[in-house]
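Comments concern the structure below.
The values are calculated or read from the model by the stated rules, or taken from the named source; none is laboratory data. No experiment lies behind these values; they were computed from the predicted model shown. When we count neighbours, we look across all protein chains shown, and the Cβ atoms used for this are built from the backbone with ideal geometry, even at glycine.
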Amino acid sequence: MKKITTIGIAAAIPFVVGILGALITEYILKIGVLGTSNFKYFLIAGIVGAIITFAILRKVSFAVSAFIGFLLIPYLVFLIGQIDIYMVDDNLAQGITVVEVRPTMDKITFGTTDKGDVSVWSGPQTLVLHPGANRVKLGRFDMPAGNYKGGTVYIGDIQVDIKADLSVMKDPTGGQTIPPDQYSQAFNNIKSGMTGSVGGFNIKLLNSSLSGPIGTFMISVGQMTQQIPIPQISYPGMGGPDITLDIVLDETGKPDPSKIKAIVDMPPGVGGAFPQMPGVEFK
């Protein structure tokens, strides 16, 4: 009888640890845990959890079960969690630094088969992104059960603060360091490139200044819509991946609205089962 009880406890531990871990990360900590890149953290947590379990209970089977439970967390989050939405951006060329990116998100809609476009997230909300340093959470999708196909992101504006260090930049024609007496000319050349059409959108220069070798610029993209080519899905009202909208910047720091990418975080080993789609990356 004691052996049967031990086997039953060992069999139950993975599900107890996995479900508790999923509920804590999704509803208490409210952090995104999906994605293959995060799996190493669950391996580490599983090893630590197994060591602690063995130290307390002195049973190898219980420790192994606890380890398995930690590895189940991202899969259980996918089943019982909610869809979180984030934004992030990337970086750049020598001498050019994006100090801050401020996208203003108006709303996100998904198409339905019987109700037209349904708003799954509503703003407006202005986010502050620091390239390479943060991924900012917008919130969670409010998606009732139903059939959905395709999505649209409505963006009020994307403003970008850019710093150009002329002392380390190279002359694009000769590849030489820019001499101090030509900083003003180089600054004006960069400024002229901060306006114009990018990806079919008109970029505007809002502000600029030059202090010594440091030139600063503030640019604006303006209002736009971004399609997310999501295939038709039947959503049960709970579960699902987390989604990150990745703002792609060119080498001078200008965002290209036509290249905003949706990164869909899936549990490890699951993302590869989905077909490749333009503008969408499964991770």
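A few remarks follow.
- Met218 meets the conditions (1) modelled with pLDDT of 75 or more; (2) under 15 Å from the mean Cα position of the chain (by Cα) in every case but one. The failed one is (2).
- Residues in the range 219-242 that are over 22 Å from Gly111 (Cβ atoms) and either assigned to a strand (DSSP E or B) or of a type in the set (D, E, K, R) (or both): Ile219, Ser220.
- Flag for Lys115 being in a loop (DSSP other than H, G, I, E, B), charged (D, E, K, R) and assigned by TED's automatic domain parsing to the domain that holds Ile233: yes
- Number of the exception - Val198 against (1) over 29 Å from Ile96 (Cα atoms); (2) modelled with pLDDT under 85: (1)
- Residue within the range 133-144 that is crowded, with 20+ Cβ neighbours inside 10 Å, touching a strand residue (DSSP E or B) at 6+ places or on another chain (Cβ under 6 Å) and at pLDDT below 80 present: no
- For the range 10-42, the candidate set comprises residues that are among the hydrophobic types (A, V, I, L, M, F, W, C) and at pLDDT below 80; within that set, the residue that is nearest to Ile263 (Cα to Cα) is Leu34.
Quick grid of which residues meet (1) out of contact with any Pro (no Cβ under 9 Å at 6 or more places or on another chain); (2) polar (S, T, N, Q); (3) outside any loop (DSSP other than H, G, I, E, B); (4) without any contact (Cβ under 8 Å) to a residue 60 or more places away in the chain:
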residue: Lys191; (1), (2), (3), (4): yes, no, yes, yes
residue: Asn202; (1), (2), (3), (4): yes, yes, yes, yes
residue: Phe217; (1), (2), (3), (4): yes, no, yes, yes
residue: Thr244; (1), (2), (3), (4): yes, yes, yes, no
residue: Val264; (1), (2), (3), (4): no, no, yes, yes
residue: Pro267; (1), (2), (3), (4): no, no, no, no
